[in-house]
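Worksheet for the structure shown next.
None of the figures in this text is laboratory data; all of them are computed from the coordinates on show. All values derive from a computational prediction rather than experimental measurement. A quick note on method: Cβ atoms are made from the backbone with ideal geometry, for glycine too, and the neighbour counts reach across all protein chains shown.
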Amino acid sequence: MKNLHSLVHSVAKAKYRHQPYKMTYAVTYQCNARCRICNIWKEYVQFPQKIAEELTLREINAIFSQFDLSWISLTGGEPFLRNDLLDVVTTIDDCSPRLTLLTVPTNGSLPETTLTTVESILEETHIPNVIITVSLDGDTLLHDRLRDVPGLWKKARTTYELLSAIENDRFSVLLEFTVSKHNAGHLDRAIKSFGADYSKVVITAAHSSYFYRTEPHSLHNSGSALQVGQFNTSCPKYDPQSILSLLYTKILEKYLMGTPISFRCVSGRSSFFLDPYGVLYPCITMDAPFGSLREDSVQDILGGEHASSIVHRIREGKCPGCWTPCEAYQTIVENLPQAVIAAYMK
Ligand code: SF4
Ligand code: SF4
């Protein structure tokens, strides 16, 4: 991230005002991939009528106007399948004057649409940091097999190349490798297949959760931690702009080896997850909805006893626990000394 200082400044101000600063918002559950580690794509195969229930621009405006967010991660489904994604972003930007960082993941299946949408986002907003992550699970054969879409690797590579050619210091494109027992050990070959290097990669670990529509099951073996360890020794050693991802992956390696996270998660207070229908959750892992922002205001929902009891459960560590980047980065930001200790202590 090229403007990290502006994010840190913005987050510090939000903390001073005791306000949440981050939202992960699933703009749609439409998806054209069939990933082995995720069942979101089944949502509209089983319930096609639900697509009509996704939040409208007017509702998005009404919801986001009640926050004052600095950091927004859009997700899906495949976000670029939402035809009005540009309007979604400009609507959120219009009601988030402090917005400093926008991240959007993509499976890379829509190269031209993605390019024109990103170019328009950069033209029509002034968001200081816009980061797109293109998913990459392996080389050609492995990637297409794990996502069950022939030709997807090729499209993802085209998307990555088109986005890499954008010259704008507010914009970055990265590759996101989600490690699981299915692709552990294949990162190096995957990166080389894209002609990229480690400085362009973020690594995360597959998780089970209500969001991914997966039951808890074993997604990892010892290879996952070894893969993250190999990443940690291969990526550039010191870059102040990537300190968050460095700490995240150092701790991820230990987490995959069974070390619990020793500091308090900030989800449900500093950050939230919003589903495509306006239901607010603390995060993408804990299936504990606060309530519907279609029906009630943020103040009413978060000021009630139900929300307090969920936040209390998180404070007490009585949540499923996870270390996903959607949720972990803000916890690192707010627990920096503890995160450094957790990352580097033996
Ligand atoms: S991981 Fe992403 S691309 Fe794959 S099925 Fe789930 S939502 Fe779709
Ligand atoms: S640790 Fe994970 S499951 Fe628990 S509240 Fe935080 S983000 Fe949610």
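Exposure proxy ranking for S135, S222, S271, S172, based on other Cβ atoms within 10 angstrom of each Cβ and starting from the fewest, stands as S222, S172, S135, S271.
Over the chain, DSSP H runs of length four or greater, each weighted -39,500 (n - 2.57), average out per residue to a 222 nm ellipticity of -12000 deg cm²/dmol.
In this structure the amide hydrogen of T178, modeled in the peptide plane, comes within under 5 Å of the amide hydrogens of L136, T204, none closer than 5 places in sequence on its chain.
Legend: ranking of residues C265, C95, C31 from fewest to most surrounding C-beta atoms inside 10 Å; resulting order C95, C31, C265.
Taking the alpha carbon gyration tensor of the stretch 43-102, multiplying each eigenvalue by 5 and rooting it gives semi-axes of 23, 12, 10 Å, largest first. Qualifying chymotrypsin sites (Phe, Trp or Tyr not before Pro) in the stretch 37-138, where qualification requires a DSSP coil assignment and no more than 15 other C-beta atoms within 10 Å, are lacking entirely. 3J(HN,Hα) along the stretch 73-78, derived from phi through the Karplus expression 6.51 cos²θ - 1.76 cosθ + 1.60 where θ = phi - 60°, amounts to 10, 7, 8, x, x, 9 Hz, with x in place of Gly and Pro. Direction-averaged projected area, Cα convex hull, the stretch 11-118: 7.5 nm², rounded to one decimal. Does the chain come out rounded, prolate or oblate by the C-alpha gyration tensor, with a ≥ b ≥ c the root eigenvalues, rounded set by a/c under 1.5 and, if not, prolate when a/b is larger than b/c and oblate if not? Rounded is the answer for the chain, as its axis ratio a/c remains below 1.5.
Which entries in the list K192/K250; K22/K318; K13/K50; K42/K155; K15/K50 go over 27 Å, if you measure between the two C-alpha atoms of each? Check vs 27 Å cut-off fails for K13/K50; K15/K50. Less than 5 angstrom separates the built amide H of G291 from those of L280, all sequence-distant by 5 or more or on a different chain. All distinct Cα pairs of the stretch 73-204 go into the 1/r average, and the inverse of that average, the Kirkwood radius, is 15.1 Å.
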